[in-house]
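Engineer: Here's a structure for you.
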Amino acid sequence: MARRRTARKVMPVTPVRTTIESMTHDGRGVAHVDGKAVFIDEGLPGEELEFVYTDIRKDYAEGRVVNLLSRSEFRVDAECPHYSMCGGCSFQHVDSAKQIQIKQELLEEQFKRIGKLDIPQVWEALDGPHWGYRRKARMGVKYVAKKGRVLVGFREKRQPYLAEIESCKVMHPRVGMNLMVLSEMIGGLTIKDKIPQIEVAIGDDDCVLSIRVMEPPTQEDKERMRQFAHQLGMSICLQPKGPDTIVPIDGEPEVMPTYALPDHDIVFKFRPAMFTQVNYEINRHMVNRVIEALHLSQDDQVLDLFCGLGNFTLPMARRAGHVTGIEGDLPLIKHARENALFNGITNAEFHAADLTKDISEFPWANRRYNKILLDPSRAGASDVLHHFKQWQPETIVYVSCNPSTLARDAGILVNELGYKLIKAGVMNMFPQTAHVESIALFEKR
């Protein structure tokens, strides 16, 4: 039996007048119309405006601004011409200082609501470049015959379709200002409709684009990509399957990007698909803040959980007696070991382990550590926190990309494990977006 198609909902087209009451953490204004909450893109608290519905559900609705009747003092004009359509950013209409304030208030609210904690001392926000900062990204690619072009970039706001953009102001300009020439290059390939994405990896000096190919490119395709890469001073790799299949175009050298932490005399090498922080300037400040908060000395035995490439492990090893890094991704661990050797660091060791599972049988898990750093994924670190009863660290620094799981885990550390929250704050790793990077310091009572 053929599957019945769901009728597409027809939205009212007449603009509705309302006043924005508050703001969500993802940058949308909140109003109430006929008793129903409406989340309105680009609306700011206190503004009177007209909007049209973009979606209507049983319990809430969504909309977009069509006419501003009053203007918030925190509103600024978006610098990107594609902002209203592209889903890559959600805060460009908000003053930069206000963006940071919103994120800090969100962190405090999450700590209070989820962790049942007040933040005693708020760290001054770490800030850096607001534009052209993003050095890692996965961009979508789509050949659209009706438009006669290849789209390269990010999805539309709350839509599954790629946005038709010509540039991206938050991406590093080596890529962000060259989206159209990249689109034209791909549009001339025989496999232009067989390329779904590009992995962007920009180091301090090198730029590598890893192009996912669903079918093998022809020799002419490879030559076209090679010439494009040479003209723009980039390296292009092909990815026929998973990330471990990324290879340079035939005859081209393998380029491994690097980024440096000059304050610690460390240079990291990484492969294009490996996780690194997107904002190098904030990352350098963040590493310094972690080391300062831990007050490291040669007497310290430090455990770095979710260590990745060793972004924190290696600079901590410059000051601590010994640092042990743990990460679930074995290729990252192997690369962290290589980076330790490359930087001449001998007092750091790395082990692969799934920190969501039982780790009690690992020898490293049965040692004592007086200081611990956590930098987990968005899921947080709740699964590993019960091991802290054995380790009994005196100081814990927790770096997070998700305020809600940080707040949850802070509640466990304070209310169940006997730690005291000393301070917490945000780090502006992702300006113009709703993503919040934060840090918290805990000490044993």
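The values are calculated or read from the model by the stated rules, or taken from the named source; none is laboratory data. These numbers were taken from a predicted model, which means no experiment stands behind them. Cβ placement follows ideal geometry from the backbone for every residue including glycine, while neighbour counts extend to all protein chains displayed. Note: areas computed on protein heavy atoms with side chains; ligands, DNA, RNA excluded. Shrake-Rupley method; radii C 1.70, N 1.55, O 1.52, S 1.80 Å.
Engineer: Pick from A293, A201, A340: which is most flexible by mean-square fluctuation in a GNM of the chain where alpha carbon atoms under 10 Å apart are linked?
Structural biologist: A293
Engineer: In whole angstrom, how far apart do the alpha carbon centroids of segment 187-235 and segment 78-127 sit?
Structural biologist: Result: 35 Å between the Cα centres.
Engineer: Among K98/K269; K103/K136; K58/K192; K36/K146; K116/K136, which pairs are too far apart, with a Cα-Cα distance over 30 Å?
Structural biologist: Listed pairs above 30 Å: K98/K269; K58/K192; K36/K146; K116/K136.
Engineer: Compute the FRET efficiency between M180 and D299 as 1/(1 + (r/R0)^6), taking r as their Cβ-Cβ distance and R0 = 41 Å, and round to the nearest 0.05.
Structural biologist: With R0 = 41 Å, the Cβ-Cβ based efficiency is 0.15.
Engineer: Within segment 302-445, how many lysine pairs that are 8 or more places apart, or on different chains, have C-alpha atoms less than 26 Å apart?
Structural biologist: Here the count comes out as 14.
Engineer: Name the residue, out of F350, F342, F362, whose mean-square fluctuation peaks in a Gaussian network model built on the chain with Cα pairs under 10 Å.
Structural biologist: Among F350, F342, F362, the largest GNM mean-square fluctuation belongs to F362.
Engineer: With only alpha-carbon atoms counted, please give the Rg and Dmax of segment 241-332, in Å.
Structural biologist: Cα-based Rg and Dmax for segment 241-332 come out at 15.2, 50 Å.
Engineer: Going from the alpha-carbon gyration tensor of segment 22-168, what semi-axes, largest first and in whole Å, does one get by taking the root of 5 times each eigenvalue?
Structural biologist: Over the Cα atoms of segment 22-168, the ellipsoid semi-axes are 28, 22, 16 Å.
Engineer: Over the C-alpha atoms of the chain, what are the Rg and the largest Cα-to-Cα span, Dmax, in Å?
Structural biologist: 23.9, 72
Engineer: Still on this structure, I have one more. Computed FRET efficiency, Cβ-Cβ of D95 and T245, R0 56 Å: what is it to the nearest 0.05?
Structural biologist: Numbers: r = 44 Å, r/R0 = 0.79.
After rounding to 0.05, the efficiency reads 0.80.
Engineer: Which ³J(HN,Hα) values, rounded to whole Hz and listed in residue order, are derived for segment 433-445 from phi using the Karplus coefficients 6.51, -1.76 and 1.60 in 6.51 cos²θ - 1.76 cosθ + 1.60 with θ = phi - 60°, glycine and proline given as x?
Structural biologist: Going residue by residue, I get 10, 8, 5, 10, 9, 9, 9, 9, 10, 10, 10, 5, 5 Hz, with x marking Gly and Pro.
Engineer: Output the antiparallel fraction of DSSP beta bridges having both residues in the chain, as a percent to the nearest 5.
Structural biologist: 65
Engineer: Next question, about the same structure. Alpha carbon centre of segment 313-346 versus segment 380-431: separation in Å?
Structural biologist: 22
Engineer: Quick one: which residues, 5 or more positions from D304 or on another chain, have an amide H under 5 Å from its amide H? H modelled 1.01 Å from N in the peptide plane, none for Pro or chain starts.
Structural biologist: Excluding prolines and chain starts, which carry no amide H, the hits are T324, G325, I326, L373.
Engineer: In segment 293-390, carbon and sulfur make up what percent of the accessible area (probe 1.4 Å)?
Structural biologist: After summing per-atom areas, the C and S share lands at 51 percent.
Engineer: Compute the label zone of D263 within segment 283-321: residues whose backbone N is under 17 Å from the point 7 Å along Cα-to-Cβ.
Structural biologist: Taking a point 7 Å out along Cα→Cβ of D263, the residues of segment 283-321 whose backbone N falls under 17 Å are 283-297, 311-320.
Engineer: Next up: If you restrict to DSSP beta bridges whose two residues both lie in segment 145-269, what percentage is antiparallel, to the nearest 5?
Structural biologist: If I count the DSSP bridges inside segment 145-269, around 70 percent turn out antiparallel.
Engineer: Counting only protein heavy atoms and using a 1.4 Å probe, what share of the accessible area of segment 123-267 belongs to carbon plus sulfur, as a whole percent?
Structural biologist: 48
Engineer: Once phi is turned into ³J(HN,Hα) by the Karplus curve 6.51 cos²θ - 1.76 cosθ + 1.60 with θ = phi - 60°, what whole-Hz value does each residue of segment 88-93 show in order, with x for glycine and proline?
Structural biologist: Here the 3J(HN,Hα) series is x, 10, 9, 10, 5, 7 Hz.
Engineer: Springs between alpha-carbon pairs under 10 angstrom, Gaussian network model over the chain: which of G148, G128, G63 fluctuates most?
Structural biologist: Fluctuation is largest for G148.
Engineer: Just grab the label-to-label distance for E73 and V52, each label 7 Å out from Cα along the Cβ direction, in nm (one decimal).
Structural biologist: 3.4
Engineer: Would you kindly derive the ³J(HN,Hα) couplings of segment 231-245 from the backbone phi angles with the Karplus curve 6.51 cos²θ - 1.76 cosθ + 1.60 (θ = phi - 60°), listing them in order in whole Hz, with x for Gly and Pro?
Structural biologist: Values per residue, Gly and Pro as x: 5, 9, x, 10, 10, 10, 10, 10, 10, x, 9, x, x, 6, 9 Hz.
Engineer: Per residue, what accessible area does the chain have, given a 1.4 Å probe and all protein chains present, in Å²?
Structural biologist: For the chain, the solvent-accessible area averages 47 Å² per residue.
Engineer: In addition: Once you have the alpha carbon radius of gyration of segment 316-445, what is it after dividing by 2.2 N^0.38 Å, with N set to its residue count?
Structural biologist: It is 1.09.
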